[in-house]
Amino acid sequence: MTKLLDRLPKVRGEYRENAPLAPLTWFKVGGPADILFRPADEEDLMDFLAGRPGDVPVTVIGVGSNLLVRAGGIEGVVVRLGKPFARVEVDGERVMAGAAALDVTVAATAQKAGLTGLEFLSGIPGSIGGAVRMNAGAYGSETKDALISARAIDPLGHAHTLTGDDLGLAYRHSDLPEDWIVTRAAFQARVGNPETIAQAMRDIRDAREDTQPRRVRTGGSTFANPPGGKAWQLIDAAGCRGLRVGGAQVSELHCNFLLNTGDATAEDIETLGEEVRRRVRETSGVELRWEIRRIGRPAAPSSSGDEA
């Protein structure tokens, strides 16, 4: 039987078989990728997509901040954009950022250039590719408020430049097809006072530290806020604060955060999230929508007992 690796096109980047993904996610759980691909640059990524067999699935992951990888790992090829996709540049009142650039890095670069309007990014634990795909937001602003355009590669390796209207950005949503890969984005900022901008970013940092769990294994905000409501309030009202399943726990500090207390499995975390959704549905009638992206195969069933 031909190995998957032997069927893939030659690249200048790196392929790795059976690559552990848990260390790449904030939850620190989950199975391996059949193949992990780190492209050398955008052209390398385009060539890979153009040359890959059509039956080989491709999954893109960012910095793993809002990602839950199931224990069975991920089929096919997982693409992770690295340093070549993390550049941030300023041109007048515009900020251009690669998809792998951390949101907080983009905010800090704008601040140093005396540009305001991107401070909210410092409150989002993720990278620009994910921010564009899910229209990430925090502290009263969303990605769509500042986005000029994004560049994305389709499954055949063709590049497209898309505006916010093209992307259909809405609350924690975009119309970008799952199999398109964002590689960079351009944002509109405006001239401001560097110290005023820095203070706004410090205020965001302090607010996060006061209200959200820090320096723990978590995936960030678990559920999107329902129309006209707050997910955490519904979760709290349903009696879920501190609720546990195995090594997974609903945060006592902010109950829209799930925690890996040290020995949680991906199944523990997902089961806990579904129990929270069930209790909220029963107490309020609201169907919470996962904001955390859950991907991969479930754990293989364990065999037990003697053979006949």
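The values are calculated or read from the model by the stated rules, or taken from the named source; none is laboratory data. Keep in mind it's a predicted model, so treat the numbers as computed, not measured. Using ideal geometry, Cβ is built from the backbone for each residue, glycine included, and neighbour counts are taken over all protein chains shown.
For first residues located in the stretch 272-288 and at pLDDT 95 or above and of a type in the set (G, A, S), partners that are surrounded by 14 or more Cβ atoms within 10 Å (Cβ to Cβ) and in a helix (DSSP H, G or I) and lie 6+ apart or on another chain with Cβ distances below 9 Å form the pairs S284/L234; S284/A237.
Could you count how many residues in the stretch 131-182 are within 22 Å of M46 (Cα to Cα) and either in a strand (DSSP E or B) or not assigned by TED's automatic domain parsing to the domain that holds V104 (or both)? Residues in the stretch 131-182 being within 22 Å of M46 (Cα to Cα) and either in a strand (DSSP E or B) or not assigned by TED's automatic domain parsing to the domain that holds V104 (or both): 11 in total. Scanning the stretch 231-263 for residues that are part of a helix (DSSP H, G or I) and surrounded by 16 or more Cβ atoms within 10 Å (Cβ to Cβ) turns up A231, W232, L234, I235, D236. Is it the case, given these coordinates, that G305 is surrounded by 13 or more Cβ atoms within 10 Å (Cβ to Cβ) and at pLDDT below 95? The answer is no for G305. Looking at M46, M1, just one residue is over 24 Å from G273 (Cα atoms), modelled with pLDDT under 95 and more than 16 Å from the chain's Cα centre (by Cα), and that residue is M1.
Return the residues of the stretch 201-230 that are surrounded by fewer than 18 Cβ atoms within 10 Å (Cβ to Cβ) and in a helix (DSSP H, G or I); say none if nothing qualifies. Residues satisfying the conditions are R202, D203, R205, D206, A207, E209, D210, T211. (1) more than 20 Å from the chain's Cα centre (by Cα); (2) closer than 18 Å to R289 by Cα: which one isn't true of N256, the others all being true? N256 satisfies all of (1) more than 20 Å from the chain's Cα centre (by Cα); (2) closer than 18 Å to R289 by Cα except (1).
Determine which member of the set V276, V280 is out of contact with any Phe, Trp or Tyr (no Cβ under 6 Å at 6 or more places or on another chain), within 24 Å of I124 (Cα to Cα) and assigned to a helix (DSSP H, G or I).
Working: V280 fails: within 24 Å of I124 (Cα to Cα).
Just one listed residue meets the conditions, V276.
Of all residues in the stretch 19-27, at least one satisfies being surrounded by fewer than 16 Cβ atoms within 10 Å (Cβ to Cβ) and either β-branched (V, I, T) or over 18 Å from F85 (Cβ atoms) (or both).
In this structure, does T25 turn out to be within 30 Å of D263 (Cβ to Cβ) and either of a type in the set (S, T, Y) or touching a Cys at 6+ places or on another chain (Cβ under 8 Å) (or both)? Answer is yes for this residue.
Are any of the residues in the stretch 177-193 of a type in the set (K, R), exposed (fewer than 15 other Cβ atoms within 10 Å of the Cβ) and at pLDDT 90 or above? Yes. The helices (runs of 4 or more DSSP H) found entirely in the stretch 1-117 that carry 1 or more residues being of a type in the set (S, T, N, Q) are 103-112. When the stretch 144-176 is limited to residues that are of a type in the set (V, I, T) and in contact (Cβ under 8 Å) with a residue 40 or more places away in the chain, the one that is surrounded by the fewest Cβ atoms within 10 Å (Cβ to Cβ) turns out to be I148.
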